[in-house]
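Just so it is clear, none of the values below were taken in a lab; they were calculated from the coordinates. Quick caveat, the model's predicted, so the values are computed rather than measured. Cβ sites come from the backbone with ideal geometry, for glycine too, and all protein chains shown count toward neighbours.
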Amino acid sequence: MKNCIFIVILLFGVLFIFQSSFAQEKELMLKDVNKDDLGNVTDEFQEYFFEALKQKGIENYEKALDALEQCKKLELNNPVVYFEMARNYNELEKYEEAIANLEKAHQLAPEREDILNQLYRNYTQAKDYENSIATLKKLLQFDEKYKEKLGNIYLLDLQYEEALQIIDQLDADKGPSSYRNKLRRQIYARTGNTAAQIKNLERSISINPESEQNYLDLIYIYSDMGDHQKAYLTALDLLEANPGSTLVHLALYKFYLDREEPDQAVNSMKVVFESEEIDPESKFKVLNDFLLFVDSNPDYEDDLMQVSKMLSKRENAPKLYRQLGQYYLNRGEKENALSFFETGLKKETNDFQLVKNTILLQLELEKNEKARDLSKEMLEVFPAQPVLFLLQGIALNQLKEYNEAIEILTFGLDYLINNPRMEVDFYTQLSKAHAALGEKEEASDFSHKVESIIKELE
C-alpha cells in the first residue's frame, strides 16, 4: 500500500515539474512577442501560436506555418499572425508569400514599425524599389535614421538627384559622414560628374586634412583622367599633411619611376614593403614593378635583395618566393632561383606551380636526390598529379634506381588522361629504365609506343 502511495506522489511530482517547465518554456518562447499585440485571444489561439514559435525556434518552418494557419482560422484579423507567417516564409526563401503576409499585417496594423521595417527590407530584396521607397517614407515618422536608408534606395533605383538631395540634407543636419561621402561619390562616378566628385573631395580634404582616404580617392581620379601631374601633387600634399602615411607610397613610387627619380622610387617601395597597413597582394604588385625596374637598372640589385629578406620575414606567402625565383630564373641565375623556390616551399606546400618549378629546377641542376625526395613528399599533398610521378621517375632514373623508377612510372600512368605528350615522356623514361636493367624487349616495346604517339601527333 505504501508503495502505491509513493508511486502516486512521484507521478504527481513529475507531472507538476513537467507542467511548470512547460509553462516556463512557453514564457521563454513568447518573450520576443508583445502579449498586448496578440490582443484578447483564446487559450486555444495561444497554444497554436506558442507551437508556431517553438517550431520556428527549431527551424521547422513548415510546421510553424501550419500552426499559424490554425491561428488565422481562430483570429482572421490578427496582424501578429501574418507578421509571424512572413518571418517563416522568409526563412524558407519564399519571398513573395512573405511580402503578401507583411502587406496584410500592415493593412491591419498600419502604425507597427517592425512590420514596416521588414516590409521595406523585403521590397528591397525583391528589387521593388518603388514600394521600398514608399515604405521608408512611412518609417520616417518613427525615426530619422531611415532617411539615410532612403538615400541608398534612391541610388539603387537610379534616382540620383533625389539621392543627392537626401545626402545633402543629412550633411546639413548632422554634418558630413564617410558613408554618405561614399554614396555621393558613387553617384558622381555613375553619372560621370567628375568635376563634382573632385570638388566634393577637395571640400572633404579642407574639412579634414588628415584623412588619407580623401587624398587617395582624389589621386585615383586624377590618374584615371590622365592628369598625372595633379595626381602627383595631391600625393605630395598627403605626405605633407600626414608624413607617417604609408598608403601614399603605393602611388608615389609609380610617379617617381615615371619622373625618372629612381632613388625616391626605391625608397617608396621600401616603405610599402615595411608597412603593416598594406596587404600582401598590393606588395606583390609593387614587387613585380621592382623586379622589372631592377632588371633594367642592375645597380639596384642590392636593394632588391634587402627588400627580399625584409619581405621573407614579414610575409608568409609562397607567391613572393615564386616571383623572386622566377626573376632570377629569367636572368639565368638558377641557383638563386632554386634557393627562393625551396624557401617558399618551406613556408607553404599547397602552391602546385611552385612545387613543379622547384622539382624541375632541381632536376636541371642535377640535384636528383632532392628532386626524388621532394616529389615523393608532394605526392602526399597532390596524390593525383601525374607530372609528380613522372618527375620522381626521372629523378630515380638519374640515381640509377631503375626498379623504383619503373614502379612509380607505371603507377603514374593510371592517372594520365588525354595527354599524349606527357605519355611520351612516361614511356621514354620506362624504356630507359628497362634498358638499363638489360630488359631489351620491354625497352623496345616502350620505344615503339613513343614512336607511334609521335607519328599521331605529327
*Could you pull the Rg and Dmax for the range 366-458, using just the Cα atoms, both in Å?*
12.9, 36
*Any lysines with Cα under 17 Å of the K254 Cα? List them, leaving off those in the same chain fewer than 8 positions away.*
K230, K270, K283, K285
*About its Cα centre, what dipole magnitude does the chain give when the only charges are +1 on Lys and Arg Cβ and -1 on Asp and Glu Cβ, stated in debye to the nearest 20?*
600
*Show that you can apply the helix-only estimate: for the chain, add -39,500 (n - 2.57) for every DSSP H stretch of four or more residues, divide by all residues, and state [θ] at 222 nm to the nearest 500.*
-25500 deg cm²/dmol
_From the phi angles alone, apply the Karplus equation (6.51, -1.76, 1.60; θ = phi - 60°) to the range 133-148 and give each ³J(HN,Hα) in whole Hz, x where the residue is Gly or Pro._
5, 4, 5, 4, 4, 5, 5, 4, 5, 8, 7, 5, 4, 6, 5, 5
*Helix 212-225 sits at what angle to the longest principal axis of the chain, using alpha carbons and giving 0 to 90 degrees rounded to 10?*
60
*Just going by the charge dipole of the range 207-349, with Lys and Arg at +1 and Asp and Glu at -1 on Cβ, which of V271, N242, Q213 is farthest out on the positive end?*
V271
_Shape parameters for the range 189-312, alpha-carbon atoms, Rg then Dmax in Å_ = 15.5, 48
*Going by C-beta contacts inside 10 Å, put R331, R180, R372 in order with the fewest on the left.*
R331, R180, R372
*Taking the Cα atoms only, what angle lies between the long axis of helix 301-314 and the longest principal axis of the chain, rounded to 10 degrees?*
40
*What ³J(HN,Hα) values, in whole Hz, does the Karplus curve 6.51 cos²θ - 1.76 cosθ + 1.60 give for the range 325-341 when θ = phi - 60°, with x put for Gly and Pro?*
x, 5, 4, 5, 5, 5, 7, x, 8, 5, 5, 4, 4, 4, 4, 5, 4
_Number of Lys pairs (Cα under 24 Å; 8 or more positions apart or on different chains) in the range 63-139_ = 15
*asked:* If the only charges are +1 at each Lys and Arg Cβ and -1 at each Asp and Glu Cβ, what is the size of the charge dipole of the range 366-458 around the Cα centre, to the nearest 20 debye?
replied: 220
*Mind sorting out which of (1) 30.1; (2) 23.6; (3) 28.4 is the real Kirkwood radius over Cα pairs in Å computed from the coordinates?*
(1)
